[in-house]
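The structure appears below as structure tokens.
The values are calculated or read from the model by the stated rules, or taken from the named source; none is laboratory data. Since we're looking at a predicted model, the values are computed, not measured. In this analysis, Cβ positions are derived from the backbone assuming ideal geometry, glycine residues included, and neighbour counts consider all displayed protein chains. The protein model used for the area step is the full one, side chains on, heavy atoms only, and it has no ligands, DNA or RNA in it. Shrake-Rupley method; radii C 1.70, N 1.55, O 1.52, S 1.80 Å.
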Amino acid sequence: KRMSNRMAHNIYQILPYLAAVLFVLSGCAGGEPTENDSAFELRRDSLIHYFSEMDHISTYTTITAKLVRGEEIENALVELDSLFGEPRGNMFWMYPSLAMYLHTKPVLPEDVRKRYRDLWRTYTSDRGDTENHWVMYYATLYLAAQEWPDEPGDRWYTGKSSSENMQEAEEWLIEWMRITTTIGQGEFDSPHYMAIFLAPVFLLYEFAEDPVMKRRAELMIDYMMTDFAVEYLHGNYCGAHSRDMIPTAIDPLSSAMTAFGWLFIGDTEFSASGWALGPALSSYRLPEVIYHIATDRSEPYVHLERKRLRNVIRFGDELNPPVYKYTYMTKDFALGSLAGGIAQPIQQHTWDVTFVSDKPNNTIFTIHPYYSEYEVGKFFPEPLKILLDGISRVRPKYQDPNKWVGSSPYTQTMQHQNAIIVLFDIDEGVSHQHINGFFPKTLDRRVEDESGWIVCEGGNVYIGYYPLKPYEWIEEDINWRLRSYDRRNGLILEVVSQDDYESFEEFREVMAGREVVVEDAGELLRVRYTTTGGDELDFTYDGARVLNGAVVDFATDYLFRSRFMEAKVGSESLRMTAGGITRDLDFKNVTIRERR
């Protein structure tokens, strides 16, 4: 009936349906099962088992796992009754509770189903204020309206009818997909929040009855999983991140997306996240081409991305200015960075080097621990005079001088392959006028050479770190903190695979012989450095980035560009190529085309 109404309204709307039917008939959706598919089933079962055995806590996730396995059903229903008595969390209630309901509905007694349905009338969920909140909110509202159709507004907390709720949710979801595939994601490449984006879209893929919405969800899962795969390295979500949590910034293998890597790619140790259970229960299987993108590190590559700022409310003339990313990936490490400045408030992770290691805390990075009314006022609508206190209650580390995540308008970077220059020019009077550097104690070696270089060894890499200004070491539980108090500051870092050198001592000697030219006078802060590969980097704060005599221009009409994937600004499409397979995602026509 819904399809007929749409065709009557506008004949053009029939095209995506025909495309969806033709795609299924053509057999392009799947192909032969791969070796990873078989291993996926084992990992999937072990994840369900893991959550079903968690008797010490009661959540919608653990209850889902128990009901899916058909074990301890009576106990699970008692736990569910308790959760129904005190719904909370807004969209963080909507997603896990509806995922539980849809995945386990056949075993839920009728009275339990009726009681859950009534919660969508009595419990008022807030929509939230960030992109991941809205995806959760609208994906679940869409599915709830589909589950209980043709009901009036007094049966919903929104006061709107089932059809009105579904229309609002559908329009928002389609517009989010359009924005993401034309100017980029706003909360991009987060080791934590990418999982929160993916989980509700997996639910939409699994349960949407409309074949076009189901296909749109599949396209978005492919899109986001490819975005993840190209910066994935043995469980680590590498590169710069719009948002990161402090625990995952200092220990990359502890993130929710590590669990997605373990589940769908399988090249890391067991990792569990509640956000991965719904995807594990879905019928989605990772396309072979994305698996190859995530695992082929036979040759180093540069990956460029253009994302966007979240909506700028104050202190700017453009709603969603572009954000430029640079990632250099090898089999042993990844070095990644944003160009600098404020791309996302509070939890930004501007740059780091992450290396493969069997030890935790396998990363080195620096941060200016900035906070201000300006930063939060740029993105949040509340009155400026109450914003800082409000944010600090939710994020108590926000004003902490020792914090490990955050943006700063006084940070700028220049990266070329395995080398980066990071410069700081912090205004007088700004909150916290020092920089912090994270050096894990799990490094095999950390040596201060008389040349000024700090030379490190960890995993299968050697790292040279050149601080531009005096510093001190502060010993902490899991790391050494490099702290430098000069407001005009910076560093040079170069990272290499151990395979490229005979020994640590050889690398140390090579780094000690590198020429570094620093000009710091008046308004000028300029660094010139020639890498071990012979490339000349010339970087002036608030000025030009010059590589081998040519000015680097960030402006690009590509959202993604590397050996594995390509997408142009405004295209609403993505081409991925790996393992002899090319897969094209077309969001305008809601189609997927794959060829070998």
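In table form, for the structure just shown:
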item: Selection within the stretch 91-107 - touching a residue at least 40 places away in the same chain (Cβ under 8 Å) and within 25 Å of the chain's Cα centre (by Cα); result: Met91, Phe92, Met94, Tyr95, Pro96, Leu98, Ala99, Met100
item: Extreme residue, farthest from Arg596 (Cα to Cα), among residues of the stretch 274-317 that are of a type in the set (Gly, Ala, Ser) and surrounded by fewer than 22 Cβ atoms within 10 Å (Cβ to Cβ); result: Gly316
item: Residue list for the stretch 467-487, restricted to those being part of a strand (DSSP E or B) and not hydrophobic (A, V, I, L, M, F, W, C); result: Pro467, Glu472, Glu475, Asn479, Arg481, Arg483, Ser484
item: Any hit, the stretch 98-109, residues being touching a helix residue (DSSP H, G or I) at 6+ places or on another chain (Cβ under 8 Å) and within 30 Å of Gly184 (Cβ to Cβ); result: yes
item: Condition check for Thr556: β-branched (Val, Ile, Thr) and at pLDDT below 95; result: yes
item: Those residues of the stretch 551-580 which are out of contact with any Asp or Glu (no Cβ under 6 Å at 6 or more places or on another chain), of a type in the set (Val, Ile, Thr) and either within 14 Å of Thr181 (Cα to Cα) or open to solvent by less than 80 Å² (accessible area, probe 1.4 Å) (or both), in sequence order; result: Val552, Thr556, Thr577
item: So Phe207, is it touching a helix residue (DSSP H, G or I) at 6+ places or on another chain (Cβ under 6 Å) and open to solvent by less than 10 Å² (accessible area, probe 1.4 Å); result: no
item: Residues of the stretch 379-410 that turn out to be part of a helix (DSSP H, G or I), in contact with a helix residue (DSSP H, G or I) (Cβ under 7 Å, 6 or more places away or on another chain) and open to solvent by 30 Å² or more (accessible area, probe 1.4 Å), as a count; result: 2
item: Complete set of residues in the stretch 519-570 that are among the charged types (D, E, K, R) and touching a residue at least 60 places away in the same chain (Cβ under 8 Å); result: Asp535, Asp542, Arg545, Arg561, Arg563
item: Any pair with Cβ under 8 angstrom, 6 or more apart, that starts in the stretch 371-386 at a residue that is under 13 Å from Pro345 (Cα atoms) and ends at one that is in a loop (DSSP other than H, G, I, E, B) and among the small types (Gly, Ala, Ser); result: Tyr371/Gly406; Tyr371/Ser431; Ser372/Ser431; Glu375/Ser407; Lys378/Gly316
item: Failed criterion for Gly128 (all others in (1) open to solvent by 30 Å² or more (accessible area, probe 1.4 Å); (2) modelled with pLDDT under 95 hold); result: (1)
item: Any hit, the stretch 175-188, residues being among the β-branched types (Val, Ile, Thr), assigned to a helix (DSSP H, G or I) and open to solvent by 20 Å² or more (accessible area, probe 1.4 Å); result: yes
item: Residue satisfying all of: in the stretch 153-174; outside any helix (DSSP H, G or I) and open to solvent by 50 Å² or more (accessible area, probe 1.4 Å); farthest from Ile221 (Cα to Cα) among these; result: Gly159
item: Some residue of the stretch 242-249 being modelled with pLDDT of 95 or more, polar (S, T, N, Q) and farther than 26 Å from Ser571 by Cβ; result: yes
item: Matching residues, the stretch 244-271, being open to solvent by 10 Å² or more (accessible area, probe 1.4 Å) and closer than 12 Å to Ala195 by Cα; result: Ala256
item: Count of the stretch 415-450 residues which are open to solvent by 10 Å² or more (accessible area, probe 1.4 Å), in contact with a strand residue (DSSP E or B) (Cβ under 6 Å, 6 or more places away or on another chain) and either under 21 Å from His368 (Cβ atoms) or assigned to a strand (DSSP E or B) (or both); result: 8
item: Conditions (1) at pLDDT 95 or above; (2) over 22 Å from Thr350 (Cβ atoms): number failed by Tyr410; result: (2)
item: Single residue of the stretch 38-60 satisfying the filter (without any contact (Cβ under 8 Å) to a residue 40 or more places away in the chain and polar (S, T, N, Q)) that is most open to solvent (accessible area, probe 1.4 Å); result: Ser38
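Residues are listed down the side, and each one gets a yes or a no for (1) within 18 Å of Met220 (Cβ to Cβ); (2) in a loop (DSSP other than H, G, I, E, B):
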{"position": "Leu253", "(1), (2)": "no, no"}
{"position": "Thr258", "(1), (2)": "no, no"}
{"position": "Phe270", "(1), (2)": "no, yes"}
{"position": "Ala276", "(1), (2)": "yes, no"}
{"position": "Ser283", "(1), (2)": "yes, yes"}
{"position": "Val289", "(1), (2)": "yes, no"}
{"position": "His292", "(1), (2)": "no, no"}
{"position": "Arg297", "(1), (2)": "no, yes"}
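Residue-by-condition table, conditions (1) among the charged types (D, E, K, R); (2) crowded, with 17+ Cβ neighbours inside 10 Å; (3) under 31 Å from the mean Cα position of the chain (by Cα):
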{"site": "Gln412", "(1), (2), (3)": "no, yes, yes"}
{"site": "Gly452", "(1), (2), (3)": "no, no, no"}
{"site": "Lys469", "(1), (2), (3)": "yes, no, no"}
{"site": "Gly490", "(1), (2), (3)": "no, yes, yes"}
{"site": "Ser503", "(1), (2), (3)": "no, no, no"}
{"site": "Met511", "(1), (2), (3)": "no, yes, no"}
